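The structure appears below as structure tokens.
The values are calculated or read from the model by the stated rules, or taken from the named source; none is laboratory data. Just so it is clear, the model here is predicted, and its values are computed rather than measured. A quick note on method: Cβ atoms are made from the backbone with ideal geometry, for glycine too, and the neighbour counts reach across all protein chains shown. Ligands, DNA and RNA are excluded from the accessible area calculation, which covers all protein heavy atoms including side chains. Shrake-Rupley method; radii C 1.70, N 1.55, O 1.52, S 1.80 Å.
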Amino acid sequence: MGNLKLQGKSALITGAGSGIGKATALLFAKEGADIAIIYYDDDEEAEKTQKEIQALGRKCILFSGDINDYEFCEQTTEKVISEFGKIDILINNAGTQFPSDNIENLEEKNIRKTFNSNIVGMILLTKVVFPHLKEGGSIVNTTSAVAYEGHPELLDYSATKG
């Protein structure tokens, strides 16, 4: 199989139950990393991703919760360290969006959810994980194409990704 680039590493990836996060988790596992996944609420998809990672011979642990909850971030970080002994890589990928045809129809609660998930939660989790990263560790914050050219139905989401 050759030299695995992430052999002996562990990664904590948010939003990895599906989409870009899942693809990242599978790629990292193929390269030898053990994976911890934070997902919001889709147990079925997260468990499917976990099985795919385990089929690659890697450890995979799941955490369902909200990264906007500081206590959840603390507890999850401690559990990952307890299971893997360390965190080498943090991938902040979780995000949410609520399309709206114009700014007048954006609901305040959805604007707040978008900013909390895409900005506040990312910062909270990074704050908690950071002291556990050793020299050479990595933090990766994903974005979206709308960071570079906004989308008329995703005004608040575009702002958080920019």
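Would you confirm whether any residue within the stretch 44-55 is in contact with an Asp or Glu (Cβ under 7 Å, 6 or more places away or on another chain) and either of a type in the set (A, V, I, L, M, F, W, C) or touching a residue at least 24 places away in the same chain (Cβ under 8 Å) (or both)?
no
Tally time: how many residues in the stretch 5-38 are open to solvent by 30 Å² or more (accessible area, probe 1.4 Å), within 24 Å of Asp69 (Cα to Cα) and part of a loop (DSSP other than H, G, I, E, B)?
So the answer is 1.
Please name all residue pairs, on different chains or six or more residues apart, with Cβ atoms under 7 Å, provided the first residue is in the stretch 125-150 and is without any contact (Cβ under 8 Å) to a residue 40 or more places away in the chain and the second residue is among the small types (Gly, Ala, Ser) and exposed (fewer than 13 other Cβ atoms within 10 Å of the Cβ).
Matching pairs, first to second residue: Ala147/Gly162.
Going by the structure shown, is Lys134 touching an Asp or Glu at 6+ places or on another chain (Cβ under 8 Å) and either at pLDDT 90 or above or not charged (D, E, K, R) (or both)?
Against the criterion (touching an Asp or Glu at 6+ places or on another chain (Cβ under 8 Å) and either at pLDDT 90 or above or not charged (D, E, K, R) (or both)), Lys134 qualifies.
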